[in-house]
Structures are given as C-alpha cells and as structure tokens.
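Some notes on the structure that comes next.
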Amino acid sequence: MTTTTHDTHHDAHDDHHHGPAKGIMRWVLTTNHKDIGTLYLWFSFIMFLIGGAMAMVIRAELFQPGLQLVEPNFFNQMTTVHGLVMVFGAVMPAFTGLANWLIPMMIGAPDMALPRMNNWSFWILPFAFLILLSSLFMEGGAPNFGWTFYAPLSTTYSPDSTALFVFSVHIMGMSSIMGAINVIVTIVNLRAPGMTWMKLPLFVWTWLITAFLLIAVMPVLAGTVTMVLTDKYFGTSFFDAAGGGDPVMFQHIFWFFGHPEVYIMILPSFGIISAIVPAFARKPLFGYASMVYATASIAILSFLVWAHHMFTTGMPVFAELFFMYCTMLIAVPTGVKVFNWVATMWRGSMTFETPMLFAVAFIILFTIGGFSGLMLAITPVDFQYHDTYFVVAHFHYVLVTGAIFSIMGAAYYWLPKWTGHMYDEKLGKLHFWCSVISVNVLFFPMHFLGLAGMPRRIPDYAVQFADVNQIVSIGGFAFGLSQLIFLAVVIKCIRGGAKAPAKPWEGAEGLEWTLPSPAPYHSFTTPPEVK
Amino acid sequence: MTSKHQNYYVPSQSGWPIMGAIGLFLIAYGAGNFVHQMKSGGSGAGYILLAGIAVILFMLVGWFRNVIDESMSGLYSSQMDRSFRQGMSWFIFSEVMFFAAFFGALFYARMVAVPWLGGASNNAMTHEVLWPTFEAIWPLETTPDGTKTQAMGWYGLPLINTILLLTSSFTLHFAHLALEKGNRGALKLWLGVTILLGLSFLGLQAEEYIHAYTEMGLTLASGVYGNTFFLLTGFHGLHVTLGSIFLIVLFFRVLKGHFSIDNHFAFQAGSWYWHFVDVVWLCLFVFVYVL
C-alpha cells in the first residue's frame, strides 16, 4: 500500500485556532478523537489495574489449599467482578481508545464522524463501573455469580446488588453500541479521497467488522440482563422451568452474545499485529486480501458456534455435532492469519523493538490459546475439560497473551506518535521479558491443573493441586508487578524522552506516519489524497 | 471529489454529553435501588430515578436544539447528512437485535423448553419426574407449577391495532412524499393523521393490558407465555411511545417551517424509526397473537 499526502505541513498551521482547551474541562467537554482516545486508554489501564488487583486476591487465596484469606462468597465476587472489569472495563475500552486515536489518522479523516456522541459513549463508562464497583461495598456484596451470570445463580440465588449490575451492564452496552456506530460511520463515510476499501489498513478493517459484531450482539446482552432483572424482581420465569422457561435458555441467549463477544476482543488485535509485523520485518503484509476475508469469515462463523460453551447441558446430539464442526471451522481462517504473519516475517529484515517482541509473542502464545480452543471444541473431550482450569488457561491465553499483549504492542508502537517522544526501549524490553516469562508461569500450568480435574471458580482445592497452584500464583504476582513497569514507561514517555520523528519505525506504513509527532490536535482538516 | 469531502463539521466542546452521562448514571443507580426497594422495602431511590429522567429530558431538548440550530444555519454538508443517516440505520439495526433477543426467548420457550418439559425429544424422564401431569400446549395456559392464565386472541383489539399501525406507516409515507414534492399542506395533514393513529394504538394497547390484568388473569408473572407476551408487546409499546414523541416533535418543526425538499434528515430518521416499529409489530402480531 502506497500512501502520500500533499499537504502534511499545512496541517500543523491549520489548527492554531483550534488547540485544546485548558484544564480539566478539556477532558470533560471534549469532542476531539485524540482526547477521547486518551481518556479511553487511561480508563482502560486503571480498570486493568483494578481487575488485576482482584486477580491477585484470587491467586493469593489459591496459593494454598484450604480457606486462608477471604470468605468463599467474597472469592466468588472477586472472580465475577474481575471478569466483568477486564472484559468490559479493560479490553473493550482499550480497543475503542485505539480506534479513536488511530482510525481518523489512518483513513485521513478530520475526526470521528459523530464527535459529541463519541464523548457521551466514553463518559457513561466510568459511571457504569462506579455503580458496579460500588456494589462491592454494599450489604450482601457485589455480583458473585460469575461474569457469565448464569441463571439461576443470577436470579434465584443472587445478591441484592443484582439490579445495579443489570443497569450498569445496560450502560456498558450503550457505550459499546454508540462507539461502534461511530467507528462504522467514520470508516464508511470519512475516508480520504482514494482510500479505497482494499487500501484500508487492516486495523481499520478489523475494527469495522468488530463494530458490526458489537452492534449485532450488545443489544442481545441487554435483552439477557433485562430478562434476569424481570426474573429476579418482577416474577417472570424465562429461566425457571416451573413457569415453562428453561435455565439452559439463559445460556443460549447469553452465548449468542458471548461468542461474538470473544471475537470482539480479538479481531482488533489481528489488525494491530498486521500493522506491527510488516513494520519490523520491513516487508509488506503477506496476503492482505486473504486477511480481510479471513476476518470476515471469523465474524460470520462467530454467530454459529455459541453452544460450544454448553456441550454438557444435555443438548441433542445433532446440536452438539453442528456446533463442534462449526467451531473447528474457525481454525481455518485463523490459521490463514497466523500463516500470513509468519510468511510476512519470512526473509524479512527483522529487528526486535518492544512492539515487535509483543507481536511475536502474540503470534506464538495466541496460537497456543487457539489450539487449546480446538481441543475444547471437540465435544466428547470437552465433557472432561468443561469448567476446569483447562478452560481458564485457554481463555487467558487468548485474552491476556492475545488481546492484552496486542494492546501493549500497540501502545509501544504508537506511543511516539501520541506523545512526540520515544519510549525508553530498555524499560520496554524489561517489561516485555518480565511479562512474557511470568505470564507463562501463570497460565501454562493451569492446563495441567485442568486436565487433572481441578474445577474453576472454587476457593479451595484438593491437596494434590497444591504445588502447581503455588507456581501459578507466583507467576501471577510477578505478572501483576511487571505491569507497573509499563505504567512507568508510559509516564516517562509522556513527560519526556528523545524527540520522535514523524515516522519512528523505518518499515511503518500508513497515513498516521505522515503527520508530525506528536500528531496535531486536528488530524486532517483537509483530507489527503491517497494514491 | 474534493467538494464531497470539504468542511466536515467537527463541533467544538459540548456540555450535553456529560450531562447525559450524569443523567444515565442517576437513572441506573436510582432504578437499581428502586427495584430492590420495591421488593425489600425502603424508599427514596425513586426520586433519584426521577431526577435522572429529568436530567436526560433536559439534555435531550438542549442537545437537539443545538443540533437543529447548527443544521438550520447551514453548518452541515451532505457528507454530514450521510453520517447521520448511516448512524440512524445502525441504531435501528441495534434495536432489531434487541427485539431479536426476546423473539429468541419466545421461539426457544415455545419450540424447545415447553415441549421438553412435556417429555419431547429424549426428555421422557424429565416429564415423568418433575411434573408428570404437565401438558405441553402453546399458548401455555397452565404452567408446570400450576399457574393458570388465559391466552390473548388475535381478533378484536390486536387486529384493530394491526390495521391502525399498518395504516400509519402508509400515511407517514404519504407525508414523506408530500415533503419531497414541497406540498406543506399535505405534509402537515398526513403527519398529523399518523400521530393520531399512533396515539390510538397506544390507547387501545393500554385497554388490552387492563383487560388482560383484570379479566383474563394474564399478567407479567403468569409463566413464560405471559412473560414473552408482556415483554415483547411492552417494549414494542415503549418504542411506539418514543416514536410518537419523535413524530410530534417533527410535527412542530414542520409547523415552524423546518425541513426542505433535499434537507430533512430528522424527518427521514423519524420515518425510518416508525416503519421499523411497524415491522416489529407485524412480527409480534404473527408470532405472539396469531400462531
């Protein structure tokens, strides 16, 4: 993809009358995509630390068998809120923040298409999490039914804070839907002249498809929590067999949302890796078109696989087979992607700066998560793995070493563009190596725990699991501490450091690198001509 | 090509979104505590909920006034207009998926959950052990635990309502055609007729609900038939209410002389929304009432 701009230098002059406002109100009232992107990213990082702290509580309790530190009910609140915070508070807002910062710059747009709604979709999020987190301090405690809030745990047996949980999830959903509408409209309508569909950077493509998934399934989540609300408070029996409903119906509706949701949390990662790998291999991406089609296939298939989360609920055999085969089909487009990344690196002039290290680690570790997913997809085998630590290992490989690693890689890759400074490469590498070692100590042994039969979401366990759990917990604490290095790198990079050139990475491609670093407050007030 | 892309209007700072965020926070926090207090006693949360609704209404009026002023002063380009149209279409798609969740529940309950409780497929023992006297018949007038109710027929009020709403889609389309021809008189007439049809629909639905609650014993709590009936028709009724308010605002804007032959996004959006609500009703009528 070749992109040129004819008026890069004008942009710096054009925005002298439109600089950022001063003080805190700049952030509260802003309609600027970069400000809002920054808000999303910081919010996501704070949520990452809060959710991480809860994970530390979980690992501390599981350090030894027996009940040591917390009550079982509080342990359940920790697993529940950890999941909710990480999914809806850390990973999804991080991607939306990246979308806000990058998509207008990548497609040559002046801003997001609907800037005021953009502000709204961010600012309702902190309030949603204020409500959710405040329920930790309520009488009866926070939600304790797992982030998947299966009925009847969330209806008959749930704490008083369930209604607050329901409404906070409603707000999170509204935020995601508005954010997604903004992304789609921006991409469809605000591309610079000449930025044709098959010239779009893959991050833009993957986000376009992610946004479609968000608009399609977040309303279904809203419907699910609404039915939980009416079941608990208004006497309905959607999920109660005594009234003609079915608790398994909850799982069907929830996972109809939930499975596309897990692709929502990985497709933008694919876009990020597809930007970083070519830049540091100094070769164009191998198989651009096949990447686009693979992303679209994954998105379509994601609607046909939801019941692989429910193999042990007693579905008819036909359904088990259908969902098993559909799930295994997803390995095909995903394999295309992994192949393309590796082929991009093949005979490239590779260097391994921090973003590339995270990208390479992503490719290897995400693939491990993908393979354990394939194992789980095989119905008869899943009967053994279901609800064990094998599942926990699987989804943490795809979410931590997948989604989170790609977000970290993206942060290092674009930090020079955002701040105008180079980050500290030594600290960045230290962060990477600490993270990649500790994360494997943390999650890899969980596979063995699961295969040996340790159930998930239990504060106590049989003594035979004690030694491996200790190793896992040590990995967990180390991984948690390693993220403080990341915080240090980011703060240091914002406050100073070597001046970043417009294009700090030799092999980087894309319109965002034609803008000076830091990028001017308004990106492309006049659209560039893309050739 | 360049003219298509010039002067995309990026609004400066705005206070409406943060006000909307605070409003939503008050609604969610108030409602969350309100439903809890409804069940377990206590009071006060209702006022937070009402305050939130007031803030949101104030915000909506202010925000829309802001947008209308910008539109009337010619700040918007045709590209901006496309953004709005696409945004509205995707919003309606999200609404479709919201209803899909409840239709999904209806289909699952009717085709799977209830037959299985009656012993269908490989569930003979479920039936035998749990509720051996339960009969799997839809509409589910007797639930497994014995709650009894009556099913709502499709003739009478629901049929009249279907005719009202279908007609209103046509009258709104006539209003749109009149707007595009510049015939303001016909526009006012057809838009007014549409609003009256929408309000009559709501009135009749209120009567249907009263009838169900007081005479038929059909309530929100009467098993999965009542659940799906009231959530589907209730959320639909809520959307008709919002749509009617939308159309009433459009009516007053028409009286003030807003909208031109080639610049009437708000009218277009209101009309799309109304047609969408109409299609949802058609699905409701078929799947909830007739079948």
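When you go through A:Leu62, A:Leu98, A:Leu69, A:Leu102 one by one, which is the residue that is out of contact with any Pro (no Cβ under 6 Å at 6 or more places or on another chain) and open to solvent by 10 Å² or more (accessible area, probe 1.4 Å)?
A:Leu69
Give, as residue ranges, the helices (runs of 4 or more DSSP H) completely inside the stretch A:237-303 that count at least 1 residues that are within 14 Å of another protein chain (Cβ to nearest Cβ) and of a type in the set (Phe, Trp, Tyr).
A:247-264
So that you can scan it fast, the table gives a plain yes or no per residue for (1) in contact with an Asp or Glu (Cβ under 9 Å, 6 or more places away or on another chain); (2) more than 23 Å from A:Thr401 (Cα to Cα); (3) surrounded by fewer than 24 Cβ atoms within 10 Å (Cβ to Cβ):
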site	(1), (2), (3)
A:Gly258	no, no, yes
A:Leu285	yes, no, yes
A:Thr313	no, yes, yes
A:Pro316	no, yes, yes
A:Met328	no, no, yes
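Restricting attention to the stretch A:425-441, does a residue exist that is in contact with a Leu (Cβ under 6 Å, 6 or more places away or on another chain), more than 26 Å from A:Met324 (Cβ to Cβ) and either among the hydrophobic types (A, V, I, L, M, F, W, C) or not in a helix (DSSP H, G or I) (or both)?
Scanning the stretch A:425-441, I find at least one residue that is in contact with a Leu (Cβ under 6 Å, 6 or more places away or on another chain), more than 26 Å from A:Met324 (Cβ to Cβ) and either among the hydrophobic types (A, V, I, L, M, F, W, C) or not in a helix (DSSP H, G or I) (or both), so the answer is yes.
Can B:Tyr76 be described as hydroxyl-bearing (Ser, Thr, Tyr), crowded, with 18+ Cβ neighbours inside 10 Å and within 9 Å of chain A (Cβ to nearest Cβ)?
Numbers: hydroxyl-bearing (Ser, Thr, Tyr): yes; crowded, with 18+ Cβ neighbours inside 10 Å: yes; within 9 Å of chain A (Cβ to nearest Cβ): no.
In short, no.
Six or more apart or on different chains, Cβ under 6 Å: which pairs go from a residue in the stretch A:462-487 that's more than 21 Å from A:His82 (Cβ to Cβ) to one that's not in a helix (DSSP H, G or I)? Could you list them?
That search, which allows pairs on different chains as well, returns A:Val463/A:Pro65; A:Ala466/A:Pro65.
I'd like to know if the stretch A:200-207 contains one or more residues that are touching a helix residue (DSSP H, G or I) at 6+ places or on another chain (Cβ under 9 Å), within 20 Å of B:Gly87 (Cα to Cα), away from chain B (no Cβ under 11 Å) and not aromatic (Phe, Trp, Tyr).
So in the stretch A:200-207, the residues touching a helix residue (DSSP H, G or I) at 6+ places or on another chain (Cβ under 9 Å) come out as A:200-207.
Pick out the ones that are also within 20 Å of B:Gly87 (Cα to Cα) and you get A:204-207.
If we keep only those that are away from chain B (no Cβ under 11 Å) too, we end up with A:204-207.
From what's left, not aromatic (Phe, Trp, Tyr): A:204, A:206.
Yes, the stretch A:200-207 has at least one match.
May I ask you to list pairs of residues, at least six apart or on different chains, whose Cβ atoms are under 9 Å apart, with the first in the stretch A:330-346 being more than 10 Å from A:Ser274 (Cα to Cα) and the second being of a type in the set (Asp, Glu) and modelled with pLDDT of 95 or more?
Cβ pairs passing all conditions: none.
Which one of A:Gly420, A:Gly450 is modelled with pLDDT of 95 or more, open to solvent by less than 10 Å² (accessible area, probe 1.4 Å), more than 21 Å from A:Ile363 (Cβ to Cβ) and in contact with a His (Cβ under 9 Å, 6 or more places away or on another chain)? Spell out how you get there, then give the answer.
On the way: A:Gly420 fails: in contact with a His (Cβ under 9 Å, 6 or more places away or on another chain).
Exactly one residue qualifies, and that residue is A:Gly450.
How many of the residues in the stretch A:471-516 are assigned to a helix (DSSP H, G or I) and of a type outside the set (Ser, Thr, Tyr)?
26
Which members of the stretch A:212-229 meet the condition of being within 17 Å of B:Val224 (Cβ to Cβ) and open to solvent by less than 10 Å² (accessible area, probe 1.4 Å)? Steps first, please.
Pass one, the stretch A:212-229, residues within 17 Å of B:Val224 (Cβ to Cβ): A:223-224, A:226-229.
Correct list: A:Gly223, A:Thr224, A:Met227, A:Val228.
Here is a list of conditions, (1) modelled with pLDDT of 95 or more; (2) open to solvent by 10 Å² or more (accessible area, probe 1.4 Å); (3) more than 8 Å from every other protein chain (Cβ to nearest Cβ), and A:Pro143 meets all of them except one; can you say which number that is?
(2)
Which condition number does B:Val55 fail, the rest of (1) at pLDDT 95 or above; (2) within 11 Å of chain A (Cβ to nearest Cβ) being met?
Single failed check for B:Val55: (2).
Considering only residues of the stretch B:195-245 that are surrounded by 21 or more Cβ atoms within 10 Å (Cβ to Cβ) and of a type in the set (Phe, Trp, Tyr), which is nearest to A:Leu229 (Cα to Cα)?
The selected residue is B:Phe230.
Restricting the search to the stretch A:232-245, which residues are crowded, with 24+ Cβ neighbours inside 10 Å and more than 18 Å from B:Arg110 (Cα to Cα)?
Correct list: A:Lys232 only.
The values are calculated or read from the model by the stated rules, or taken from the named source; none is laboratory data. This one's a predicted model, so the numbers in the text were calculated from it and none came from an experiment. Counting neighbours? That spans all protein chains shown, and the Cβs are built from the backbone with ideal geometry, glycine included. What goes into the accessible areas is simple: the full protein's heavy atoms, side chains included, and nothing from ligands, DNA or RNA. Shrake-Rupley method; radii C 1.70, N 1.55, O 1.52, S 1.80 Å.
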